[in-house]
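Comments concern the structure below.
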Amino acid sequence: MAKHQISNNIRKLRFNQDEMTQQQLGDMVGVSRQTIVAIEKGKYSPTLELAFRIAHVFNLPLHEVFSYNPEDDH
Amino acid sequence: MSYQEKRSILNMISTLLISGIYFWYIFRGDPTAGMSSDELLYFWGKSILILIPVTIVAKIIIAIVFAVGNTVATREKIPSTDERDKLIELKSLRNSRYMFGLGFILAMVALSMNMSVNVMFVVIVLAGVVSEIVENASQLYFYRKGI
C-alpha cells in the first residue's frame, strides 16, 4: 500500500481526554474500533465527514487533529 | 486478528469447501459421459441453478455459527459496518469482477477453439470460485495492510 500523506494525533488526544478508549471514540463517531485503530496507525484515511466528526469529539478544528504532508506526494 | 479478517479467511475456506463438495457430489460417477451438447447444457444449467441456493443457505448457516462462536469466545459484539468496511468491500468486489471477467473470456476462448461445452462451463465455474477467493483475499489484504 502507498504511504498515506495524512497523519493524525488522535492517540495523543484520546489520552488527554481522560484516556478515552478506541471503542468509546468509535461509538461516538459511528465507526468500529478497528477503523479507529486503522486511522491511528495511518492505514486508513477517513472521509472528510468522519474527520470532522472526530475533530468535533475533541472540540478542536480539523487541522489540529489531522495534518497533510505534501512532501510524501513524490 | 480482527473479526473482519477472521470472516474473510472463513469465507475463503467455506467457498472452497462448498464448491468442492458440491461438484464432487454432482460429478461422482462421471454423469456427463456420452451426453450430447443439448444434454450437457441442461445438466450444467441445472447444476449451477442448484448450486446458487445451496451456497446461499450454507453461507448463511456458517456466518451465523461463526458470529455466535466469535461472540462467545471473545465476548466482543460484532462490529457494525462502517465507511472503511464499505470501501474495502467495493475494492475487493472490483478485483473479484476482474477475475471473473478474465475467466469468462477464457471460457469464450475455449469455445472458439472448438472445445466442448463441458470445458466452457468448468472454466466459468472455476472463474466463479477463484473470483470469490480473490474477493476474500483482497479483503484480508486491505484489512491487514491498509487502504
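Could you list B:W24, B:W44 in order of exposure, starting from the residue whose Cβ has the fewest other Cβ atoms within 10 Å? The order, fewest Cβ neighbours first, is B:W24, B:W44. GNM on chain B, alpha-carbon springs under 10 angstrom: the most fluctuating residue among B:A63, B:A107, B:A33 is B:A33.
Lysine pair count for region B:1-140 (Cα-Cα distance under 29 Å; residues 8 or more apart in sequence or on different chains): 10.
Values of log10 I(q)/I(0) for chain B across q = 0.15, 0.20, 0.21 Å⁻¹ run -0.87, -1.26, -1.34, by the Debye formula with one identical scatterer at each alpha carbon and no solvent. When restricted to Cα atoms, the protein assembly as shown yields an Rg and a Dmax of 23.1, 75 Å, respectively. Peptide B:135-145 has a mean of 1 when you count, residue by residue, the C-beta atoms of other protein chains within 10 Å of its C-beta. Per-residue ellipticity at 222 nm from helix content only, as computed over chain B with -39500 (n - 2.57) for each DSSP H run of at least four residues, stands at -30000 deg cm²/dmol. Relative to the longest principal axis of the Cα atoms of chain B, helix B:117-145 runs at roughly 10 degrees.
Where a number appears in this text, it was derived from the coordinates with a stated rule and is not lab data. What you see is a predicted model; the values in this text were computed from it and never measured. Every residue, glycine as well, gets a Cβ built from its backbone with ideal geometry; the counts of neighbours run over all protein chains shown.
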